[in-house]
Amino acid sequence: MLKKNDEQARWAHPATASLHAGFRSDPTTKAVCVPIYQNTAYELEGDLSKIADVYNVKEDGYTYTRIINPTTRALEARFAAVDNAADCLAVASGQAATFTALANLCSGQPGDNVVASPFLYGNTWNLLHNTFRRLGIEARTAGNSDPAEFERHIDDRTICLFGECVSNPILDPLPLRNLVEIGRKRGIPVVVDNTTTPLVCRPARLGANMATYSATKYVCGHGTTLGGLISDYGNFPFHQFPNRFPLFSGPDEAHGGILWPQAVQEVNDLGKSAALLKARMTWLRDVGACASPFNSFQLLQGLETLHLRMRQHCESAAAVAEMLEDHPKVVRVTYPSLFTGRKKELADDLFDKSYGYGAMLMFEVSDAANGRALIENIEMLYHVSNVGDARTLITHPVSTTHTTVPRETRMAAGINDGTIRLCIGLEHTEDIIRDLERALSAVN
């Protein structure tokens, strides 16, 4: 295990951190790749009082893979360095990451609320508005992306402000700096979902307090492995707001009356984030949504090339957006580099220009029939309702993900009859454009 504070200052560039942070070599064999520790339990050797200290969060150690595993811990440490986070927690999926990050903030009493962006991934919307409601946590939706709309919904039971850095699928940019200012003023953390823009958007630089990722997408990069990551940037003082976050300052009965601000001082490797220490030792332990060691190994492989892939994704996406913008059969193109006015200002602030403006774009043809015709005439692109693959993925939401959503509701959310979502992969840009032009030739 690592010592507290021995990693974060060492890696100035994500490219280096993605290869070196968190693990140097196996202590027994000196193998330089992180091994797959495909096991569940760990031998408890030596002084029983010291073993008890591990279970009581007074000393680092491995107890059970549902809580901590060496392969997964290497992934967590490495991604924390890549994402400029104090620490990271790996879980089974992106949905598990969002659930764990937000549920971990609750007071333990019914009546908490999350103020969320109106533009959310469908399953996140369902988690907040249905599943959380059944657990006594209310989701309050801002009327639009105006920061004042978020602030209007805040009260003394608000546990966080939440949104996607760039929403999936309509690409609405989150006014993150403004939300951070509101959060600091009101004593509320800002949690963002940065699944579709890792490295392209840097939440820590913009002042966010925590971020969630579906590592299934770009961190993995190849459509093979489920996983989720929670980054804590270590910049929100939960213990200073005991009325809003009583479990971060007072005794937590979920772990024998432990005091998390005290416990985080007792351990080294796990002592970089009180919030994630609490999540690991209570929510991860009890809900069991842990990352598989094999999946963690797969995600480590993807992470090594994330910085290279995101640049290529973004470069190709910009070229495809320009082609579509000029195509006579395309009604509208939505891509951050083409924004104007306030949205362009927000996008320019969110995105790291050394990468680009992301891999996802939307465009529209005239109606649903032409949307279906386009999809039915693609040859190379994959018709898949996923994002973040090495392959270019295309979908017609009206015929797939939004087929059961009332027309008025989806239109209000920016999904029109002829809307097409496109997630650009790593094929040569000319081949992507050629396939799209062929499919567009079938559109009236």
Exercise. Applying the selection to the stretch 279-317, what residues are surrounded by fewer than 21 Cβ atoms within 10 Å (Cβ to Cβ) and over 30 Å from Asn69 (Cα atoms)?
Worked result: Arg311, Gln312, Glu315
Exercise. Under the condition of being surrounded by fewer than 17 Cβ atoms within 10 Å (Cβ to Cβ) and part of a loop (DSSP other than H, G, I, E, B), which residue from the stretch 347-377 is nearest to the chain's Cα centre (by Cα)?
Worked result: Asp352
Problem set entry | Any chance Tyr382 is crowded, with 16+ Cβ neighbours inside 10 Å, in contact with a Leu (Cβ under 7 Å, 6 or more places away or on another chain) and either at pLDDT below 95 or not assigned by TED's automatic domain parsing to the domain that holds Leu171 (or both) | no
Exercise. Within the stretch 183-193, can one find any residue that is closer than 17 Å to Phe351 by Cβ and modelled with pLDDT of 95 or more?
Worked result: yes
Exercise. Would you pick out the residues in the stretch 157-187 that are more than 14 Å from Asp146 (Cα to Cα) and part of a helix (DSSP H, G or I)?
Worked result: Gly183, Arg184, Lys185, Arg186
Exercise. Just one of the numbered conditions (1) part of a loop (DSSP other than H, G, I, E, B); (2) over 30 Å from Val443 (Cα atoms); (3) assigned by TED's automatic domain parsing to the domain that holds Thr392 is not true of His327; which one?
Worked result: (2)
Exercise. Taking the stretch 419-444 only, how many residues are in contact with a strand residue (DSSP E or B) (Cβ under 8 Å, 6 or more places away or on another chain) and either assigned to a strand (DSSP E or B) or over 19 Å from Glu322 (Cα atoms) (or both)?
Worked result: 5
Exercise. Counting only residues that are more than 30 Å from Gly302 (Cα to Cα) and among the charged types (D, E, K, R), which one in the stretch 385-425 is modelled with the highest pLDDT?
Worked result: Asp417
Exercise. Which residues, taken from the stretch 55-86, are part of a loop (DSSP other than H, G, I, E, B), modelled with pLDDT of 95 or more and either under 30 Å from Cys201 (Cβ atoms) or of a type in the set (A, V, I, L, M, F, W, C) (or both)?
Worked result: Ile67, Ile68, Asn69, Asp83, Asn84, Ala85, Ala86
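Yes/no matrix, rows are residues, columns are (1) in the same structural domain as Pro198 (by TED's automatic domain parsing); (2) assigned to a loop (DSSP other than H, G, I, E, B); (3) farther than 27 Å from Val34 by Cα; (4) of a type in the set (Phe, Trp, Tyr):
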site	(1), (2), (3), (4)
Cys220	yes, yes, no, no
Thr224	yes, yes, no, no
Leu229	yes, no, no, no
Gln262	yes, no, yes, no
Asn268	yes, yes, no, no
Arg280	yes, no, no, no
Arg285	yes, no, no, no
For this session: Kindly check whether there is at least one residue in the stretch 309-319 that is without any contact (Cβ under 8 Å) to a residue 60 or more places away in the chain, outside the structural domain of Thr195 (by TED's automatic domain parsing), in a helix (DSSP H, G or I) and over 27 Å from Val32 (Cα atoms).
Result: yes
Exercise. Under the condition of being closer than 21 Å to Leu284 by Cβ and out of contact with any Gly (no Cβ under 9 Å at 6 or more places or on another chain), which residue from the stretch 24-56 is surrounded by the most Cβ atoms within 10 Å (Cβ to Cβ)?
Worked result: Tyr37
For this session: Determine if the stretch 144-152 includes at least one residue that is touching a strand residue (DSSP E or B) at 6+ places or on another chain (Cβ under 6 Å), under 30 Å from Tyr37 (Cα atoms), among the aromatic types (Phe, Trp, Tyr) and outside the structural domain of Asn386 (by TED's automatic domain parsing).
Result: no
For this session: Assess whether Arg391 counts as being outside any loop (DSSP other than H, G, I, E, B) and of a type in the set (Lys, Arg).
Result: no
Problem set entry | Phe248 aromatic (Phe, Trp, Tyr) and either under 30 Å from Pro336 (Cα atoms) or touching a Ser or Thr at 6+ places or on another chain (Cβ under 6 Å) (or both) | no
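A quick yes/no check of all residues on (1) touching a residue at least 12 places away in the same chain (Cβ under 8 Å); (2) out of contact with any Phe, Trp or Tyr (no Cβ under 7 Å at 6 or more places or on another chain); (3) crowded, with 21+ Cβ neighbours inside 10 Å:
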{"site": "Asn123", "(1), (2), (3)": "yes, yes, no"}
{"site": "Leu128", "(1), (2), (3)": "yes, yes, yes"}
{"site": "Glu138", "(1), (2), (3)": "yes, yes, no"}
{"site": "Thr141", "(1), (2), (3)": "yes, yes, no"}
{"site": "Glu151", "(1), (2), (3)": "yes, yes, no"}
{"site": "Phe162", "(1), (2), (3)": "yes, yes, yes"}
{"site": "Pro169", "(1), (2), (3)": "yes, yes, yes"}
{"site": "Leu179", "(1), (2), (3)": "yes, no, yes"}
{"site": "Gly183", "(1), (2), (3)": "yes, yes, yes"}
For this session: Identify the single condition in (1) touching a helix residue (DSSP H, G or I) at 6+ places or on another chain (Cβ under 7 Å); (2) farther than 23 Å from Pro203 by Cα; (3) not acidic (Asp, Glu) that Pro110 does not satisfy, given that it satisfies every other one.
Result: (1)
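The values are calculated or read from the model by the stated rules, or taken from the named source; none is laboratory data. Note that the structure is a prediction, hence the values are computed from the model and not measured. Every residue, glycine as well, gets a Cβ built from its backbone with ideal geometry; the counts of neighbours run over all protein chains shown.
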